[in-house]
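One structure below.
The values are calculated or read from the model by the stated rules, or taken from the named source; none is laboratory data. Not measured: the values here are computed from a predicted model. Cβ coordinates were reconstructed from backbone atoms using ideal geometry, including for glycine residues, and neighbour counts include every protein chain displayed.
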Amino acid sequence: MKTAVFSIILLGLTTQVLAQEGQVTIQQDPKIKELVKLYTKVHENTGYYQIQVGFGNYNRAQELLDQVEIDFPNWYSKIEFESPTYRVRLGRFRTKLEAERKYLEVRKKYPDAMLLKPEEKKSKS
């Protein structure tokens, strides 16, 4: 008797769970994707520690970037332009501890390297 009641309850719950199907359609302005890409590009380094390996004119920065990519192939690296110079930056580290450990490693190869603090997130009020 208990088995039959339990089986009926279990069967009832199973059909209840299977009845939870549906489809959601979202319609959005196509410019939203463009805005998200722009926002991501502007804020891609916000909140990360980085190591600045060197700076100079574009040719010097490109040579330095090529060498950095050979020395640290699995690390994020890029040239950033801040008037009037091009700066070669390496890494995207969330914590200060991780950044300092990597900084010590980079300083062995690039003694003029500098550890950069993350940019403050500016809030609009």
Exercise. Could you tell me which residue of region 107-120 is modelled with the lowest pLDDT, considering only residues that are among the hydrophobic types (A, V, I, L, M, F, W, C) and farther than 22 Å from Asn59 by Cβ?
Key: Leu116
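Would it be correct to say that Glu98 is out of contact with any Gly (no Cβ under 7 Å at 6 or more places or on another chain), assigned to a loop (DSSP other than H, G, I, E, B) and either at pLDDT 95 or above or exposed (fewer than 14 other Cβ atoms within 10 Å of the Cβ) (or both)?
no
Would you be able to say whether some residue in region 37-58 is in a helix (DSSP H, G or I) and at pLDDT 90 or above? Quick ask: steps written out before the conclusion?
Residues of region 37-58 in a helix (DSSP H, G or I): 37-42, 58.
Then drop every residue that is not at pLDDT 90 or above, which leaves 58.
Yes: one or more hits.
Considering only residues of region 101-125 that are surrounded by 10 or more Cβ atoms within 10 Å (Cβ to Cβ) and within 14 Å of Phe55 (Cβ to Cβ), which is farthest from the chain's Cα centre (by Cα)?
For region 101-125, the residue satisfying everything is Tyr110.
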Quiz item: Of all residues in region 102-119, which are in a helix (DSSP H, G or I) and not acidic (Asp, Glu)?
Solution: Lys102, Tyr103, Leu104, Val106, Arg107, Lys108, Lys109
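Inspect all residues belonging to region 78-95 and state whether any of them is surrounded by fewer than 10 Cβ atoms within 10 Å (Cβ to Cβ), modelled with pLDDT under 95, assigned to a strand (DSSP E or B) and among the acidic types (Asp, Glu).
Within region 78-95, one or more residues are surrounded by fewer than 10 Cβ atoms within 10 Å (Cβ to Cβ), modelled with pLDDT under 95, assigned to a strand (DSSP E or B) and among the acidic types (Asp, Glu).
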Exercise. Can you run down the residue pairs with Cβ atoms below 7 Å, 6 or more apart or on separate chains, where the first is in region 58-80 and in contact (Cβ under 8 Å) with a residue 40 or more places away in the chain and the partner is assigned to a helix (DSSP H, G or I)?
Key: none
Self-check item: Matching residues in region 66-85 - criterion: being among the hydroxyl-bearing types (Ser, Thr, Tyr) and under 22 Å from the mean Cα position of the chain (by Cα)
Solution: Tyr76, Ser77
